[in-house]
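Beneath this line is the structure, given in structure tokens, with notes to follow.
The values are calculated or read from the model by the stated rules, or taken from the named source; none is laboratory data. As the structure is a computational prediction, the values presented were derived from the model and not from experiment. Note that each Cβ is placed from the backbone with ideal geometry, even for glycine, and that neighbours are counted across all protein chains shown.
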Protein chains: 2
Amino acid sequence: MSHASHLADLPTPALILDTERLDRNLDRLARRMDGFGITLRPHMKTAKSIDVARRAFRNGPGPITVSTLAEADYFAAHGFVDMTYAVGIAPHTAARAARLRRDGVDIKVLLDTVAQAQILGKAGRAAGVSPSAFIEIDCDGHRGGLRVDDPKLLDVASAMKVAGVTLAGVLTHAGESYALDTPQALEAAAENERAVAVDAATRLRAAGHDCPIVSVGSTPTAHFAQALDGVTEMRAGVYMFFDLVMHGVGVCSTSDLALSVLATVIGAKPEKGWIMIDAGWMALSRDRGTAAQRVDQGYGLVCDLQGRLYPDLVVVGASQEHGTLAIRSGSNATLPDLPVGARVRILPNHACATGSQHERYHVVAGPDGSVTAEWPRIRGW
Amino acid sequence: MSHASHLADLPTPALILDTERLDRNLDRLARRMDGFGITLRPHMKTAKSIDVARRAFRNGPGPITVSTLAEADYFAAHGFVDMTYAVGIAPHTAARAARLRRDGVDIKVLLDTVAQAQILGKAGRAAGVSPSAFIEIDCDGHRGGLRVDDPKLLDVASAMKVAGVTLAGVLTHAGESYALDTPQALEAAAENERAVAVDAATRLRAAGHDCPIVSVGSTPTAHFAQALDGVTEMRAGVYMFFDLVMHGVGVCSTSDLALSVLATVIGAKPEKGWIMIDAGWMALSRDRGTAAQRVDQGYGLVCDLQGRLYPDLVVVGASQEHGTLAIRSGSNATLPDLPVGARVRILPNHACATGSQHERYHVVAGPDGSVTAEWPRIRGW
């Protein structure tokens, strides 16, 4: 892989990470959680990069969340051994997580059924370790987890004890907060997430179970929580980079977006008002998360090489290796003059999805456009 | 990477390719094009696999289409040297394509502007080769290309001559055919694609330009064309695997779909009628191509390990590593009993997008479920 010195010379499409913005975003949430006296356990599912993890923890490895056991292996190999695997456990992942624990990784897993407690206990016995798991709590009907008043909550905790699985605590995720876009609604979602998690912990403790960790988190609620009493840790991932979905939710401005896709103009259709670029959905991802928001950003917004937005210029269409730029419908902005070979940067809808389409970050610091490093990303399971 | 012997034992999520279905799909279009006396130039953007390319060409390397120069490098290294790079050329790709040509690869590229002809000529001179390019023709307003009556068509051909670029021929792609779903409309789209391409070639020849190749193609039009007079070659890619979008268009049945994603059940929400699996959009892709069709298939349809569909069971939601299964709204089918650890196979909306989320195929042949091989996929640009 050649190491070009400037965005103007890099082969395209290419994933660009601006560390000025990254550092600002990392600091913002770290300070916020420091203010609450809460542990921040960043979710590495967005960045999937040891270099980004090191940027988040400048004084050495800290607590992280992972979305795959491939991430677990990778971060553990780089010294990040305090981790939560935040996807419900299955037989094959239980066995693999138990082996990681045997190898010295403090991996905590997730479950919400008696069956999973038994599966995990069996995997622990096979590996000669005592597994540790969170019970997943459902705070907003978004996905998995037990409701706080579900009688199964205590059944699962008891089954864990019988199976030899340590209760790490309770974990919930306010996934529905992504659908909100007012400070009031986001503050209420954060308070609900907090209250439900604390209630679940209280119920478990009242039944005699230790429940040391009360873990909540989503990027929107992490930034809008007004109180976190009873919570011990916060998880968030996309806050490192932000994206247009988070902008639509109201968590960030477009100038906070640390991730972009560098692209080259490959043609035009003047009669349709189109400019064609070499970044299609393979480079941008198929994510259309802003389609359900008040402002639909197509497949992304278009900036110049310095990261300045072209007014109302949107990626209105994407096929595999082609993107189509046009002025947003209803706008009276004019199409910029971008001949074949001109370069643009696309701000993505969803940083997790766009990042996953690429093997590495090309690192810049601010608008100057010099590429200072290449940081690999990991993938797979 | 461990090599499991059966789908029941494979780590999940995992990409599964059924070679019985693959071979049937490959044979179907190969025979159809043989019947027309037309060269089939498969688009490798879907499979991105030398093993699949060899399956398409059992008697040695044949003509292919590629969507990236990473594919060009890869297939050339495996002896497939007759290729068309079907994305408009830019300065950095022109230079790289010229170097490939210098190294003995018969790569033909794509352009539709005088500027690109000049860029390509310059790149050819720098590499000491004579580049070869198609002029892209727009047959249905889908994306790039010149309309057949555009005066620039002859300007571009003349500019190519001046720049020392050989005219390989004309190339068009009926991309709008993906939005159709009746045989009549598809036959008309195929005839339009043919007629426009032949008209463009005729116009160029009348102006004194050699125009040896008349290249058309899309999976829907390739299967519905009733006549291909004047066409010399057909391009298609997704036909190898098919997918739910192609099923919605009417090109295949669900039993033709050669690609699926193996997943494990990780939980349930009985009160909502949900089953949770460990395949989210990271494994399935964010593609929601069937959302615009008559039947919206969510993020995919659910099969058992043998590939038999569960009636009306759909992936109704997907987050990064979680999928949610539920019975299709309005159906009176019942949710199957799928406990934690049970395995399913998901038929994807869009084979190109789902494939790109994975590093390799786990190869099976028919419903028996024995995994006979792992075939790598390539990615990047």
Going through B:Thr324, B:Thr264, B:Thr219 one at a time, which residue ends up being more than 25 Å from A:Glu136 (Cβ to Cβ), within 14 Å of chain A (Cβ to nearest Cβ) and buried (at least 20 other Cβ atoms within 10 Å of the Cβ)? B:Thr219
Scan the range B:91-98 and give yes if some residue there is modelled with pLDDT of 95 or more and away from chain A (no Cβ under 14 Å), otherwise no. yes
Which one of these does B:Leu347 not meet: (1) within 24 Å of the chain's Cα centre (by Cα); (2) within 14 Å of chain A (Cβ to nearest Cβ)? (2)
Scan the range B:350-381 for residues that are touching a residue at least 60 places away in the same chain (Cβ under 8 Å) and within 14 Å of chain A (Cβ to nearest Cβ) and report the count. 19
Considering only helices (runs of 4 or more DSSP H) wholly within the range A:1-101, the ones with at least 2 residues that are among the aromatic types (Phe, Trp, Tyr) and closer than 28 Å to A:Gly144 by Cα are A:69-77
Reported set for the range A:103-158 where residues are outside any loop (DSSP other than H, G, I, E, B), among the acidic types (Asp, Glu) and away from every other protein chain (no Cβ under 13 Å) is A:Asp106, A:Asp155
Out of the residues in the range B:329-358 that are small (Gly, Ala, Ser) and farther than 29 Å from A:Ala115 by Cβ, which is surrounded by the most Cβ atoms within 10 Å (Cβ to Cβ)? B:Ala351
A:Ala174 passes all but one of (1) under 17 Å from A:Gly208 (Cα atoms); (2) under 23 Å from the mean Cα position of the chain (by Cα); which number fails? (1)
The number of residues in the range A:114-138 that are in contact (Cβ under 8 Å) with a residue 60 or more places away in the chain and touching a helix residue (DSSP H, G or I) at 6+ places or on another chain (Cβ under 9 Å) is 2
Selection status of B:Ser319, within 12 Å of another protein chain (Cβ to nearest Cβ) and among the polar types (S, T, N, Q): yes
Selection from the range B:197-247 of residues that are aromatic (Phe, Trp, Tyr) and on the phi > 0 side of the Ramachandran plot: B:Phe242
Take the conditions within 12 Å of another protein chain (Cβ to nearest Cβ) and at pLDDT below 95 and apply them to A:Pro339. Does it pass? no
Hits in the range B:1-51 - residues which are away from every other protein chain (no Cβ under 14 Å) and free of Cβ contacts under 8 Å to residues at least 12 places away in the same chain: B:Asp27, B:Arg31, B:Asp34, B:Gly35, B:Gly37
In the range B:52-72, which residues are crowded, with 21+ Cβ neighbours inside 10 Å, without any contact (Cβ under 8 Å) to a residue 60 or more places away in the chain and of a type in the set (D, E, K, R)? none
Filter the range A:111-135 down to the residues that are under 22 Å from A:Arg41 (Cα atoms) and surrounded by 24 or more Cβ atoms within 10 Å (Cβ to Cβ) and list them by number. A:Leu111, A:Asp112, A:Pro131, A:Ala133, A:Phe134, A:Ile135
Every residue in the range A:70-91 that is out of contact with any strand residue (DSSP E or B) (no Cβ under 6 Å at 6 or more places or on another chain) and either more than 19 Å from A:Ser215 (Cβ to Cβ) or of a type in the set (Val, Ile, Thr) (or both), please. A:Ala70, A:Asp73, A:Tyr74, A:Ala76, A:Ala77, A:His78, A:Gly79, A:Val87, A:Pro91
Which residues, taken from the range B:275-315, are touching a residue at least 12 places away in the same chain (Cβ under 8 Å), surrounded by fewer than 20 Cβ atoms within 10 Å (Cβ to Cβ) and within 14 Å of another protein chain (Cβ to nearest Cβ)? B:Ala292
Quick check: is even one residue across the range A:364-375 over 18 Å from A:Ala8 (Cα atoms) and surrounded by fewer than 24 Cβ atoms within 10 Å (Cβ to Cβ)? yes
